[in-house]
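The values are calculated or read from the model by the stated rules, or taken from the named source; none is laboratory data. Keep in mind that what you see is a predicted model, and the values were worked out from it rather than measured. Positions of Cβ are generated from backbone atoms using ideal geometry, with glycine treated the same way; all protein chains shown enter the neighbour counts.
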2 protein chains.
Amino acid sequence: MADVAAIEERRIVVAVDESEESIYALQWCLHNLIHSAGEGATARNTLILVYARPPPPVYSPLDGTGYLFSDEVTASIDKYSKDLAVSVMERARNICKDYSNMKVEEKVCVGDARDVICEMAQKLGADLLVMGSHGYGFIKRAFLGSVSDYCARNAKCPVLIVKRPTK
Amino acid sequence: MADVAAIEERRIVVAVDESEESIYALQWCLHNLIHSAGEGATARNTLILVYARPPPPVYSPLDGTGYLFSDEVTASIDKYSKDLAVSVMERARNICKDYSNMKVEEKVCVGDARDVICEMAQKLGADLLVMGSHGYGFIKRAFLGSVSDYCARNAKCPVLIVKRPTK
């Protein structure tokens, strides 16, 4: 069987979004994987925050409601999405800044969260992917399954799914 | 939102079975969560190995093949299952013995792996549940879904799913 070597340079990808679940997952990871290692830790950690920004909506010009989604409206939706990405990253960055014993990187990618997270984990050479247990709204989850289910099944690296305590 | 406190007494439940995936998951956990913490670690770890032993087969006396599953045969299947549990635990224990900076406990429970693992994680107050990405054979997985999918969805604590590298 494949032998497991202790990872000296550990690359931890944390999928962040606007949900409280993902912020909790980030905090759990920092407290329990980074902080608890203490000063004598042998692994150097790089934490990579990944945010998947939904692609801008595309509407057919033949669509009856086309006038509603004028260029201005589309641009405004796109701007909202960009602002949201900036705000999520800022929040995540602030949470990370108390931890000096690691390097932090940030990636914002456009696409479906499920694909973006799995692709980025692989591309960035993640030793571990950390994420909250939700990420889509209830309706979308009912049709597509949760993002975390998908990533747990499809990511090539170990996946840590953190749940917020219900109590 | 719920605040995350650094866990000083960390209880890590590792689901083990006869698969190479589960052994790899145990090794990954030891190397990357226990070993890498080093001497200065602030968390004291208790590792609890959990093995789910399938329940003994129950056959109706009305079943045409009843004679095949005489008490002796049933006892022999049960003995095989018990021996397997002993052998899996022994292998896991041997892997753990190089790590002096943690306490190791063992639990063997009878029942379906999916239920046993989730129940034990909760009962044992797990801060983290670690498991391999497989655990059932291909056919059973196709019908029931994988054990890890189920536990990732249903366990109340964070779940770490470790995959063997395919390379």
Inset, instruction - Quick one: B:ASN94 ticks every box in (1) within 18 Å of B:PRO54 (Cα to Cα); (2) at pLDDT 90 or above; (3) not aromatic (Phe, Trp, Tyr) except a single one, so which number is it? - result: (1)
Legend entry - Residues (at pLDDT 90 or above and in contact with a Lys or Arg (Cβ under 8 Å, 6 or more places away or on another chain)) located in region A:126-153: A:ALA126, A:ASP127, A:LEU128, A:GLY132, A:CYS151
Inset, instruction - Take B:ILE23 and decide whether it is among the hydrophobic types (A, V, I, L, M, F, W, C), in a helix (DSSP H, G or I) and modelled with pLDDT under 90. - result: no
Inset, instruction - Return the only residue of B:LYS123, B:LYS79, B:LYS103 being at pLDDT 95 or above, away from chain A (no Cβ under 14 Å) and surrounded by fewer than 19 Cβ atoms within 10 Å (Cβ to Cβ). - result: B:LYS123
